[in-house]
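Following: one structure in C-alpha cells, then a few remarks.
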Amino acid sequence: MSAPTPKTLSSSALDRADEIQGRYPEKRSATLPLLHLAQEELGWISDEIIQWVAAKTETSPIDVLGVVTFYPMFKQGPSGRRHVRVCRTLPCALRGACHTMEVLEKEFGCKHGETTADGSVSLEYVECLAACGSGPVVQVDHALYENLTPDKAKTLAEAVRNSLADPSYGLTPPGPDSPEWEG
Ligand code: FES
C-alpha cells in the first residue's frame, strides 16, 4: 500500500520521514518517530496524518489512533504555542495539583483541556511526570517545574507569557536559572 502524501507536511519533512523509515526493518516500528515528526511540524496529529502513518507503516488507522490516544504527548487538535501540563496523579494531587491548576486557569483565562483564545497557551492535566517526590509538578513544553505551589504557579504563568515574545525560547526556557523565575 503506498502512503498518500499529506498536503500539510513540507517536502523536507517527507524526505525525513523516508530517512526515518529506512532505519527500521519492521515498518511498524517507525510509527512513533513518524508521529513525532508530524507533530513537530504541524503541532498536532490530524486524521490525514493518521492515515499517512498507517499506510507508511503498513498498519491500520485504528492501530495508529491507538498509539496517538495512548501517549499524552500527542495532540489530536490544534494547540497553543506553549503546552502547560499539570500532573494530577495521586502524589501530586495530594500536594495540591488541583489548586495549582486553578491558579493557572485564572492566569491564562482558559480551562484545562482548552487553549487560550489567542492560541498562545494550551492547558491540560496529565498523568505522572516522574517527579513524584516534589509535587505538584508542571511541565511547560520540555521543561519540568517542581513544588509548584499556587504562588509559584503565578510566577510560572508570568514567565510563560514573557516567553511568547522571546525569540531565544527553547534554547533557554523559563525556569529556576532564568531571570524572571522567582520560584
Ligand atoms: S505523581 Fe506527579 S510526578 Fe508523579
**OP:** Just give me a number: lysine pairs in the stretch 49-174, eight or more positions apart or cross-chain, with C-alpha atoms less than 18 Å apart.
**Re:** 4
Original post:
For the stretch 11-70, rounded, prolate or oblate, judged on the Cα gyration tensor with a ≥ b ≥ c (square roots of eigenvalues), a/c < 1.5 rounded, else prolate if a/b > b/c?
Top reply: oblate
Subject >> Charge dipole magnitude, Cβ of K and R +1, D and E -1 - the stretch 11-70, Cα centre, debye nearest 20 >> reply: 160 debye
Original post:
With charges only on Cβ, +1 for K and R and -1 for D and E, what is the dipole size of the chain about its Cα centre, in debye, rounded to 20?
Top reply: 260 debye
Original post:
Helix 31-42 versus the longest principal axis of the chain: what angle, 0 to 90°, nearest 10, using Cα atoms?
Top reply: 60 degrees
**OP:** Might you list the cysteines of the chain that have no disulfide-compatible partner by the rule of another cysteine's Cβ under 4.7 Å?
**Re:** C98, C110, C128, C132
**OP:** Distance between Cα centroids, the stretch 47-99 to the stretch 10-43: provide it in whole Å.
**Re:** 17 Å
**OP:** Please build a GNM for the chain, connecting alpha carbons under 10 Å apart, and tell me which residue among H99, H83, H142 fluctuates the most.
**Re:** H142
Original post:
Hey, could you pull the Cα Rg and Dmax for the chain, both in Å?
Top reply: 18.2, 55
**OP:** Could you please report the charge total around Q139, scoring K, R as +1 and D, E as -1 over all other residues with beta-carbon less than 11 angstrom from its beta-carbon?
**Re:** -1
Subject >> Helix-only [θ]222 nm of the chain, DSSP H runs n ≥ 4, -39500 (n - 2.57) each, per residue, nearest 500 >> reply: -12500 deg cm²/dmol
Original post:
Could you list log10 I(q)/I(0) for the stretch 82-163 at q = 0.12, 0.18, 0.22 Å⁻¹, which the Debye formula gives when each Cα is one point scatterer?
Top reply: -0.27, -0.62, -0.94
Original post:
Out of every Cα-Cα pair in the stretch 45-110, what percent are more than 20 Å apart?
Top reply: 49 percent
Subject >> Low-density loop positions, GluC sites (Glu not before Pro), the stretch 1-97 - DSSP coil, at most 13 other Cβ in 10 Å >> reply: E26, E58
Subject >> On Cα atoms only, tilt of 11-21 relative to the major axis of the chain in degrees >> reply: 80 degrees
Original post:
What net charge is computed for the residues neighbouring C98, neighbours being all others with C-beta under 11 Å from the C-beta of C98, Lys and Arg scored +1, Asp and Glu -1?
Top reply: 0
**OP:** Would you work out the relative contact order for the chain, in percent, from Cα pairs under 8 angstrom that are 6 or more residues apart?
**Re:** 16 percent
Subject >> Fluctuation leader among A143, A165, A131 - the chain, Gaussian network, Cα springs under 10 angstrom >> reply: A165
**OP:** With everything on Cα atoms, drop me the angle between helix 97-108 and the longest principal axis of the chain, reported from 0 to 90° to the nearest 10.
**Re:** 90 degrees
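Each reported figure results from applying straightforward, stated rules to the coordinates on display, with no laboratory input. Because the structure is a prediction, the values reported are computed rather than measured. Glycine gets a Cβ as well: all are built from the backbone with ideal geometry, and neighbour counts include every protein chain shown.
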